[in-house]
Amino acid sequence: MKVIVNISLKEGVLDPEGQAIKSSLNNLGFEHCSDVRTGKQIILNLDQNSEDEVLTKAKKMCEELLVNTVIENYEINILKD
Amino acid sequence: MRSGVVIFPGSNCDRDMIVALRQITGKTPIKIWHKENDFPNLDLIVVPGGFTFGDYLRCGALAARSPVISSIKNHISRGGTVLGVCNGFQILIEAKILPGSLIRNKKLLFTCRETTLEVQNCIKNPFLSGFKIGEYLKIPVAHNEGNYFAPKELLKQLKEEGRIALKYSKQNNSEKNYNPNGSSDDIAGILSTNGRVLGMMPHPERAINYLHGGTDGLKLLTNCVEQIIG
């Protein structure tokens with residue numbers, strides 16, 4: 001089963017990369033762009049059949065390695081074919 | 001004095017740290033490969049700088065899940081001393097040995113230069129006990145993710161518990177960019193609750209010879225060794 005983990009920075013955590021992208025967008029004429037926040041996406045292939053089990057495993061992976069919960073939030077979605 | 005330097009794939013300050021410790025102790029520290037979790041009891045373990053595992057996922061994240069980390073945790077629970085420098089600091093944080101987070105430098109620049117550090121009024125520890133509060137140390141930094149970030153409550157707690165060991169500082173008012181990375185409260189180094197673990201972004205091993213431009217790093221490492229020997 002394919003699982004998508006979306007990781008984003010928590011509110012209040014400085015995102016200098018987002019700031020740099022924002023100023024570049026503004027320079028290109030997209031003045032209406034007032035904020036940019038970056039994040040990352042991780043796609044996992046898990047050999048498991050039950051959705052519950054997949055979600056539990058993916059959550060454990062996030063807590064143990066994939067996400068730094070001091071600064072990041074995450075969201076797990078199962079990719080349906 | 002038995003010391004060891006941990007080496008991960010991508011560590012690159014291990015040799016400099018070994019040279020520094022050999023110069024101070026007269027003995028060559030043992031090299032600990034990251035897959036080892038069976039090595040003799042040591043007095044000091046140093047987690048050196050570098051770009052472990054290519055800094056993939058987050059700096060220090062993959063190294064912090066290596067087998068050697070549980071041995072480092074055992075060493076700490078036996079009262080052992082640990083110094084994490086730069087990527088080593090990032091690894092200690094990712095391993096949850098030290099709290100908080102080290103995020104991208106505020107100005108998005110890899111910063112490689114000398115910084116002025118001010119010794120803080122902190123709990124008893126082997127690293128800075130020979131220094132006066134407010135004393136300045138000139139030690140260089142070289143990093144891209146050294147911006148210390150912690151939620152407000154944690155910052156308050158660290159302050160109250162006297163665990164902020166070193167801050168970036170200006171010796172005179174003309175130094176405007178004294179904080180090289182945008183760190184909260186100008187934090188450059190923090191201690192564990194028992195004071196035996198120090199994580200710091202600046203590289204003391206890069207200031208051990210007058211040819212480096214200064215020897216304040218040698219002072220810090222020598223103090224640490226002397227305190228451990230007792």
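The values are calculated or read from the model by the stated rules, or taken from the named source; none is laboratory data. In this text, all values refer to a predicted model and were calculated from it rather than measured experimentally. Positions of Cβ are backbone-derived with ideal geometry, glycine not excepted, and every protein chain shown enters the neighbour counts.
Of all residues being aromatic (Phe, Trp, Tyr) and in contact (Cβ under 8 Å) with a residue 40 or more places away in the chain in region B:50-100, which is nearest to A:Val70 (Cα to Cα)? Just the residue, please.
Result: B:Phe89.
Among the residues of region A:55-70, how many are surrounded by 14 or more Cβ atoms within 10 Å (Cβ to Cβ), at pLDDT 95 or above and β-branched (Val, Ile, Thr)?
Matching residues across region A:55-70 total 1.
Residue by residue through region B:180-216, note down the ones that are within 29 Å of B:Glu160 (Cβ to Cβ), crowded, with 24+ Cβ neighbours inside 10 Å and either in contact with an Asp or Glu (Cβ under 8 Å, 6 or more places away or on another chain) or not hydrophobic (A, V, I, L, M, F, W, C) (or both).
B:Pro180, B:Asn181, B:Gly189, B:Gly199, B:Pro202, B:His203, B:Pro204
Would region B:84-102 turn up any residue that is over 26 Å from B:Val225 (Cα atoms), more than 15 Å from the chain's Cα centre (by Cα) and within 14 Å of chain A (Cβ to nearest Cβ)?
no
All but one of (1) closer than 20 Å to B:Ser101 by Cβ; (2) more than 14 Å from chain B (Cβ to nearest Cβ); (3) surrounded by 14 or more Cβ atoms within 10 Å (Cβ to Cβ) hold for A:Arg37; state the number of the condition that does not hold.
Unmet for A:Arg37, out of (1) closer than 20 Å to B:Ser101 by Cβ; (2) more than 14 Å from chain B (Cβ to nearest Cβ); (3) surrounded by 14 or more Cβ atoms within 10 Å (Cβ to Cβ): (2).
From the residues in region B:82-121 that are in a strand (DSSP E or B) and of a type in the set (A, V, I, L, M, F, W, C), which one is surrounded by the most Cβ atoms within 10 Å (Cβ to Cβ)?
Within region B:82-121, the match that is surrounded by the most Cβ atoms within 10 Å (Cβ to Cβ) is B:Leu102.
Are any of the residues in region B:170-185 more than 15 Å from B:Leu117 (Cα to Cα), assigned to a strand (DSSP E or B) and out of contact with any His (no Cβ under 8 Å at 6 or more places or on another chain)?
We begin by selecting, within region B:170-185, every residue more than 15 Å from B:Leu117 (Cα to Cα); these are B:174.
Keeping just the survivors that are assigned to a strand (DSSP E or B) gives none.
Among the residues of region B:170-185, not one is more than 15 Å from B:Leu117 (Cα to Cα), assigned to a strand (DSSP E or B) and out of contact with any His (no Cβ under 8 Å at 6 or more places or on another chain), which makes the answer no.
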